[in-house]
Every structure is written in C-alpha cells, then in structure tokens.
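Taking it in order: structure first as structure tokens, then the write-up.
The values are calculated or read from the model by the stated rules, or taken from the named source; none is laboratory data. Here the structure is a predicted model, which means the values were calculated and not measured. Here the Cβ positions follow ideal geometry from the backbone for every residue, glycine too, while neighbour counts run over all protein chains shown.
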Amino acid sequence: MNVFIRRLKSLTYPQMIAIGYLIIIAIGTLLLYLPISSRSNLSPGLVNAFFTATSATCVTGLVVFDTYTQWSVFGQVVILLLIQVGGLGFMTTITMFSFVLRRKIGLKERGLLRESVNTMYIGGIVRLTQKILIGTLLFEGIGAIILAIRFVPRMGLATGIYNGIFHSVSAFCNAGFDLMGRYGKYSSLTSFSGDVFVNLTIIILIIIGGIGFFVWDDIVKNKHRFRKYQLHTKIVLTMTAILVALGSIGFYIFENANLLSDMGVSEKVIASIFAAVTPRTAGFNTIDTSALTPASKLLTLVLMFIGGSPGSTAGGIKTTTLAVLLISLWSSLMNTKNDNIFGRRLEDNVLKRASAVVSVNLFFTLTAAFLISATNSTLELNDVLFEVVSAIGTVGLSTGITGNLSSFARVIIAILMYFGRVGSLSFALIFAEHRIPSSVQNPVEKINIG
C-alpha cells in the first residue's frame, strides 16, 4: 500500500490528468453498459459503451448510436455529466466540491489545476477556477434559457427545458451531442437550420467555450481595451476571428450551388457561419455533412485539425500553434532575426513546441487512418480521414461511417479522442517526463532543407 501511495505521489501533473480522464471514462463506461441506460433495457455492449463514454468525456460527439433513440433519460444524463466534467476538466470539477466543502486547496492541487486549465501561471489559479465555474454556470444558463424558449413550443415545457439545458452544455463544452433524433436519426440541428436564435446561440456558446479560460480572465480584467490584453489573448482572438471569417466565406462559395442553393441570403449566411464554427471541435451540423462538396470537406478537415484555443473546452492543434507556425514562416520569408507579433517577440523554443504538436497529431492521424483503412476495406479513404481528424480534434463531425466501423476501428477512434482531449503531445511526453536532459552536445553539421 505504501509503495502504491509513493508511486501515486511521484506522478507528474500530465500523468495525473491522463489517469484522471481514464478513471472518468471507466466510470462512464460501466454506467452506460447497464441495461437501465438504454431505452430497450438491453446492454449496448462493452465496446459501444466505452466508445460513447470516451466521446462524451473527451467532448467529441462521435456516436455509434443516435443519442436520443438509443439512450434512456438515465443514459442521457450520464452522457451530460460526462460532457460537463470532460469540458471543464476533472480537476476543476473536483475543486468545485472543495469550494463547497470549504476545504483548503494545497500547492500540489494548485499545480495540477494550472496544468488542467492550461494557464501559464500558478499564482491566482484558485481565483481563476472560481471565475471558470461562475462563467460556465452563467453562459450555460443563459444559453439554456434561450434554447428552451425556442424548444418549448415544439417539444412541450419539461422536454423543451431539458433539451435547452442539454444542448447548451453540449455546445459550450464543444461536445456536439444532441437529442434531435426525435426528428430523424443523426439529424443534429438540421431541423433548426432556419432558426436564427438557435443557430446564433449555439455559435456563440461554441466560440466562448473554445477561446479558453485564460482569455476569459484577460477580457474580464481589461474589458474592450485590446491593447492591454496579453499576447496570448490577442493571438487567440485574432486567429479565431480570421478562421471564422475565412471559413464562412469559403463555405458560402463552395456550397452556394449545392446545399445552400434553396436558402435565402440570410439563411445562407447563418448556415455558412455555423459550418465554419462547428468544425472548431463542436460537432453540431445544420446541413448534411456527408453531402458537402469536396472543397467544403477539405475546408472542414483543415478547421477540425486546427481546432480551438489552449485551456478551453476545444481540441485540435490550437489557434496559437497555427499562429506560431505562420509567424515563423513570415519571419523566414522576410529574413528577420526574431518571430514578432503585436510588438512582442515570441519565446525562442515556441516554434519547436508548435512543430512538435503538429507532427505528433499528424503521426497519430495518419497511423490511425492506415490501421482503419487496412481493416475496413469497404470504407472510402476520404471518409476515414474525415473520421480520424474529427476524433483527434475532438470535433464529432462525421460523414456517417461511425456506426459502420468494426470494433477494432471503434477502439482506435476512442483512443484518438482520448489523445485529443489529454493533448497528443502531452500524452507523448508523459513517458519522458522524468528524463534529465544531457549537458553533452554533439558536433554541429549542416544539412540541406527544402
């Protein structure tokens, strides 16, 4: 027992976070495996329960069953709780109970909180966590009220309120789970494609949940004074605006003669913005993803791979990683000495970290695509790539092949979702966390690049 406790104490923060998510997934799997979780009162099978629990905990939204038609109210509530815990981070959730019980939060827990929230400083981390919990309750509450107002006339009072809460939490946590199977299996929000209030509410919740908790704190402190924001906040807000704008324009152009052809101008604009925002790891859709043009699917792939921002409910390589790569590329083309942006110079090793994030994600993505294609020969390669990028980016969009995957492929997708939530680079570094770098350096020799 003492040996176990010593080993537990010796774990690094990333290792604790990785184990924490595994424990939550295991609990979710057991609960969803119970017959009471299914409408049919029959167990869905261990692999399917594991897949759904992983998807919910990792706030992805990929499903092997339609959530509404497969899961009972008990199962749906389990999924909702997994989404909330997975979106906030299990350490934030544990800290919430510490606040309620008025328990003192020690230095070890503060360090784990800092790692879980992915903020840069340990100072003020408890206060930031309080703001995260209050902000989450506020945003999800407002979203639930607005959505309930739109849902109640169509669903009835109790069902409308319940759906408002479920979809608000799912949107804010960038999860993409929905209960719209009542209007058609796997229909997501297509039945509300013309509802401006539902669309804008979901869009705003996704963006707020995806910009990151650190950015929230900076905006609250400095209000609308952009110049006073920290460099991280400036980059996140700028990249988010650029990606939403370019993505919306792209979808409008690529789908104007396809899925948007029968819509009015205002409905086309809303649908295009929604299509640009949801691949940023949210997973909802108001138009048929499988019927997108090849150009739109490629654009969706790119947006899914990029994802949201650090320290948020979103996945992907993150907006800051893309920004670092673009800034470094510009510096190389202009032959400038340093990587500068907004009057500040980036850290010397930030490009190395950004390149590592992209490389690790690409490696996991291509390896998974190869394994799934090799064992599911009937699937198209573009559909498989779409699925694996959606999984590792914790997005949840699919061209409709999730339910047709073999058990082996489902396990691979589940592992990718786990990597995406923990952080693929963080997971890769877990096994090298205690290694001490050598002070001995090898001789330098030049090679040709490009």
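General remarks:
- Test: Ile145 is surrounded by fewer than 17 Cβ atoms within 10 Å (Cβ to Cβ), among the hydrophobic types (A, V, I, L, M, F, W, C) and at pLDDT 95 or above: yes
- Scope the range 341-357; condition hydrophobic (A, V, I, L, M, F, W, C) and either without any contact (Cβ under 8 Å) to a residue 12 or more places away in the chain or in a loop (DSSP other than H, G, I, E, B) (or both); matching residues: Phe342, Leu346
- Against the test of being hydroxyl-bearing (Ser, Thr, Tyr) and either in a helix (DSSP H, G or I) or over 15 Å from Phe386 (Cβ atoms) (or both), the options Thr238, Thr281 yield a single qualifying residue, Thr238.
- Pair list, Cβ < 6 Å and 6+ apart or interchain, from the range 187-210 residues that are on the phi > 0 side of the Ramachandran plot and without any contact (Cβ under 8 Å) to a residue 12 or more places away in the chain to residues that are outside any loop (DSSP other than H, G, I, E, B) and among the polar types (S, T, N, Q): none
- Residue in the range 324-341 that is more than 20 Å from the chain's Cα centre (by Cα) and at positive phi present: yes
- Residues that are in contact with a Ser or Thr (Cβ under 8 Å, 6 or more places away or on another chain), closer than 16 Å to Gly209 by Cβ and not small (Gly, Ala, Ser), drawn from the range 143-183: Ile146, Leu147, Phe172, Cys173, Asn174, Phe177, Asp178
- Residue count for the range 191-210, restricted to those that are modelled with pLDDT of 90 or more, farther than 14 Å from His167 by Cα and out of contact with any Phe, Trp or Tyr (no Cβ under 6 Å at 6 or more places or on another chain): 3.
- Only listed residue being of a type in the set (A, V, I, L, M), assigned to a helix (DSSP H, G or I) and modelled with pLDDT of 90 or more, chosen from Leu397, Leu326: Leu326
- Of all residues in the range 365-394, those being assigned to a loop (DSSP other than H, G, I, E, B), closer than 11 Å to Ile412 by Cβ and out of contact with any Ser or Thr (no Cβ under 8 Å at 6 or more places or on another chain) number 0.
- Options Ser331, Ser261; residue that is among the small types (Gly, Ala, Ser), without any contact (Cβ under 8 Å) to a residue 40 or more places away in the chain, farther than 30 Å from Ile415 by Cβ and buried (at least 16 other Cβ atoms within 10 Å of the Cβ): Ser331
- The helices (runs of 4 or more DSSP H) found wholly in the range 6-96 and carrying at least 2 residues that are at pLDDT 90 or above, more than 23 Å from Glu387 (Cα to Cα) and of a type in the set (A, V, I, L, M) occupy 13-33, 73-88.
- Ala295 falls short on exactly one of the conditions (1) within 21 Å of the chain's Cα centre (by Cα); (2) modelled with pLDDT of 90 or more, and that condition is (1).
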